Each structure stands twice: as C-alpha cells, then as structure tokens.
C-alpha cells in the first residue's frame, strides 16, 4: 500500500497538509503516516529534566495526532499511523522515507507568511531533485472545498 507521509508540527499550514494526505489516501486506496520530529535542542537540560520534557513533548504530539486521526477515521475512513522521531527535521524525514518503503509521497503545507513557505518546505524544495519520493506542497490558505475538488 502506498502511504502519504505528512509532517505534524505546530504550523497552521499543517492542517491543510493533513487534509490533503487523508483525502488523497481515501480516494486512491492508500494510507497516511504522520511524522512528528522532536528537535534535540528542546532537551539540553539536566538529564532528569530533559527526560521529563521529552515525555511531555511526546504526550503533546500524541494528543495533537489523535485530533487529526479521529477526523481521518470518521470522515475519510483512513486509520493513520504515528511516527515520532528525535533529531533535526530534514534528516529525520529522509530517514523515515528510507526506512519505510511504502511511503510514496511526502506532503508538506506551505505557509502564507511574507517570509516564505516555511523552513521545511524551503529545505525540502532545495533537495527535491535527489529525494526518493515526490513532494506535494499544499498551499496553507487553500479552502477545504478546493482541497476536496482536487483530491
């Protein structure tokens, strides 16, 4: 089964990337893998404090994931899987793609700010010629109706 890999973060554009991935998966018989990457600088504290912060970060990710997962199950009939990795975002995304041969498309949401589409979209676009899968960039301000029409 082909899976759409989508990155879960705190950005507003993440919502459209999730919607797109779920709708495409539902319409093509695919699946969705949701990846969240915990940056290592979040835990540069004493060992015990770092462990507590890491666990709290995982709990926040799971809670955030459950909101998207419930929508995907209820509205699209898709049961997504959650993957949590620790490290820098781009290397961890590439490692996940390499480790899971079912991943067929990376789906990213593009920000609408004047500063640009966001650091992840910028970095992945620069490397797009050598990526092992296609990248779909979903505009952050695209309406739900438009997403439904194109998926």
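No lab work stands behind these numbers, since they all come straight from the coordinates. Just so we're clear, the structure is a prediction, and the values are computed from it rather than from any experiment. FYI the Cβ positions are ideal-geometry reconstructions off the backbone, even for glycines, and counts take in every protein chain you see.
Key figures for this structure:
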item	result
Stokes-Einstein D for region 3-150, Kirkwood Rh over Cα pairs, 4 °C, 1.567 mPa s (µm²/s)	82
C-alpha long axis of helix 47-71 to longest principal axis of the chain, angle in °	20
Label point distance in nm, residue 63-residue 2, each placed 7 Å from Cα along Cα→Cβ	3.6
Sequence-separation-based contact order of region 88-151, relative, with Cα cut under 8 Å and 6+ spacing, percent	40
Value of relative contact order over region 3-150, rounded to a whole percent, pairs C-alpha under 8 Å and six or more apart	33
Residue 125-residue 39 FRET efficiency (beta carbon distance; Förster radius 22 Å; 0.05 resolution)	0.60
Where labels lie 7 Å past Cα in the beta-carbon direction, separation of residue 49 and residue 75 in nm	4.0
Fluctuation leader among 30, 116, 77 - the chain, Gaussian network, Cα springs under 10 angstrom	116
Helix 89-99 axis, angle to the chain major axis (alpha carbon atoms, nearest 10°)	70
Net lengthening on full extension, residue 56/residue 86 (0.36 nm per residue, minus Cα-Cα)	9.4 nm
Cα gyration tensor shape of region 78-151, rounded if a/c is under 1.5, else prolate or oblate by comparing a/b with b/c	oblate
